[in-house]
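Notes for the one structure printed next.
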Amino acid sequence: MAEFRLEAIAVLVLLLPGFLAAALEERLSVHREQSDLDRIIKALLYSFVTYVVFTAAARSFPVALRAEQIGTETSYRVEADALHLALLAGIALVLAAGVSFAINYDLPGRFFFRIRLSNRSWRDTIWSDVFHSFGGVVQIQLSDGRSVVGWLKYFSDRSTESSFFLERAAWVGADLSLVPIDGPGIFLTKESGICSVSFLNWEQKEGSPKVVTDNESFVRWQAATVNHLGYAVNLFLSFATASLGFCLLLVKDKDFALGFWGRSFLDLSILLLIFSLSMGVWCTINRLSDFRKTAAIARDTRNLRRDGVSEQDINRTLQGRRAETTRLGKRTWGLFRLQIATFGCGSLLLIIAFAITYHSKLF
């Protein structure tokens, strides 16, 4: 019985990283309802990938079950280093965060769509596809004939819940006039009888309240934001390139003798810096695509107005393209934040690896 208990403890320790990664991924991304068997299978897959990464980096296995023969009795014990377990947990957390990011932004679905192997999204439902791709102002039609307009702030994860919170909301009157709701917003649940959700352009909706702004000041600061964003992306690209070059120089240095933990932190640092470089390049390409599409929309708007096309027809014609540039803009900021985060983590791990290797000289 004692042998069984020790072996069970060893198996539990082996599976914990996978369950940790699976639990974190379920919190960071939206999934359809899963059975207990589905969750166990996913946790086992995460455990397998986690141990593959650990073994590739450390050239060893973190947990062992030792048996010692003492006279006529056999003694069993589980050997697990605390730092090894901490590294396993770190790998599991990074793995879960990466998978969640890919699912939330539908990266696998877009990749397989581009190479013409699939025509479907990797998100579970069209509900997730729509509300992760569009936002802004929506008009919600209720089953009793009423409708409400507002800025979409929160929405439920699944269509079965169909709940929304709208900021700066207003009821739409019979004459299409808006009756503002006094307060931060309105929360609609499925008991409200939600029939449809329309995505609108607030400034171009007839009867919407006018937003008083200093347009000249807005344009000036918007241009400054765009320019400084480009500088920041290029700055962190340069930092990541220089840090990666420094890592490679350390690897080539024969006097730079790395222990287990120094090598592990340096390997993770190199991976994160490469990821930061990739995010920076992707962010730059995404911004260029956004600028090109925005310029094309401005040109087509001018041409349509010159041809005498009404504003309503222009908005209807360019609505899809404007929504696409909005998505590109949101993606740019997401990639930029990810670029900074991965560069910061990679630099920190590089400093830790350097400190571990030269701690006797530094301290």
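The values are calculated or read from the model by the stated rules, or taken from the named source; none is laboratory data. Keep in mind that what you see is a predicted model, and the values were worked out from it rather than measured. All Cβ positions, glycine included, derive from the backbone under ideal geometry; neighbour counts span all protein chains shown.
Here are the numbers:
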item: Selection count, the stretch 283-316, where residues are charged (D, E, K, R), touching a residue at least 24 places away in the same chain (Cβ under 8 Å) and closer than 21 Å to GLY230 by Cα; result: 3
item: In the stretch 30-60, residue surrounded by the fewest Cβ atoms within 10 Å (Cβ to Cβ) [restricted to those that are among the small types (Gly, Ala, Ser) and in a helix (DSSP H, G or I)]; result: ALA56
item: Selection status of ARG322, of a type in the set (Lys, Arg), free of Cβ contacts under 8 Å to residues at least 60 places away in the same chain and more than 27 Å from ALA97 (Cβ to Cβ); result: no
item: Qualifying positions in the stretch 131-175 - surrounded by fewer than 18 Cβ atoms within 10 Å (Cβ to Cβ), touching a residue at least 40 places away in the same chain (Cβ under 8 Å) and part of a strand (DSSP E or B); result: GLN139, GLN141, LEU142, TRP151
item: Residues (at pLDDT below 85 and either outside any helix (DSSP H, G or I) or surrounded by fewer than 20 Cβ atoms within 10 Å (Cβ to Cβ) (or both)) located in the stretch 331-363; result: ILE351, ILE352, PHE354, ALA355, ILE356, TYR358, HIS359, SER360, LYS361, LEU362, PHE363
item: Condition check for PHE112: closer than 20 Å to VAL30 by Cβ, surrounded by fewer than 16 Cβ atoms within 10 Å (Cβ to Cβ) and touching a residue at least 60 places away in the same chain (Cβ under 8 Å); result: no
item: Pairs with Cβ under 7 Å, 6+ apart, first in the stretch 36-50 and more than 14 Å from ALA23 (Cα to Cα), second buried (at least 17 other Cβ atoms within 10 Å of the Cβ) and modelled with pLDDT under 85; result: THR50/LEU88
item: Criterion: more than 20 Å from LEU28 (Cβ to Cβ) and out of contact with any His (no Cβ under 7 Å at 6 or more places or on another chain) - qualifying residue of SER128, SER133, SER121, SER143; result: SER143
item: Filtered residue count, the stretch 294-309, keeping only those that are among the charged types (D, E, K, R) and more than 20 Å from THR326 (Cα to Cα); result: 3
item: Residues satisfying the stated conditions in the stretch 117-130, i.e. loosely packed, with under 15 Cβ neighbours inside 10 Å, of a type in the set (A, V, I, L, M, F, W, C) and either modelled with pLDDT under 80 or in a loop (DSSP other than H, G, I, E, B) (or both); result: LEU117
item: Check on ILE274, in a helix (DSSP H, G or I), assigned by TED's automatic domain parsing to the domain that holds ILE356, under 23 Å from the mean Cα position of the chain (by Cα) and loosely packed, with under 14 Cβ neighbours inside 10 Å; result: no
item: Hey, LEU250 in contact (Cβ under 8 Å) with a residue 40 or more places away in the chain, aliphatic (A, V, I, L, M) and closer than 30 Å to ALA353 by Cβ or not; result: yes
item: Flag if LEU335 is without any contact (Cβ under 8 Å) to a residue 60 or more places away in the chain and under 14 Å from the mean Cα position of the chain (by Cα); result: yes
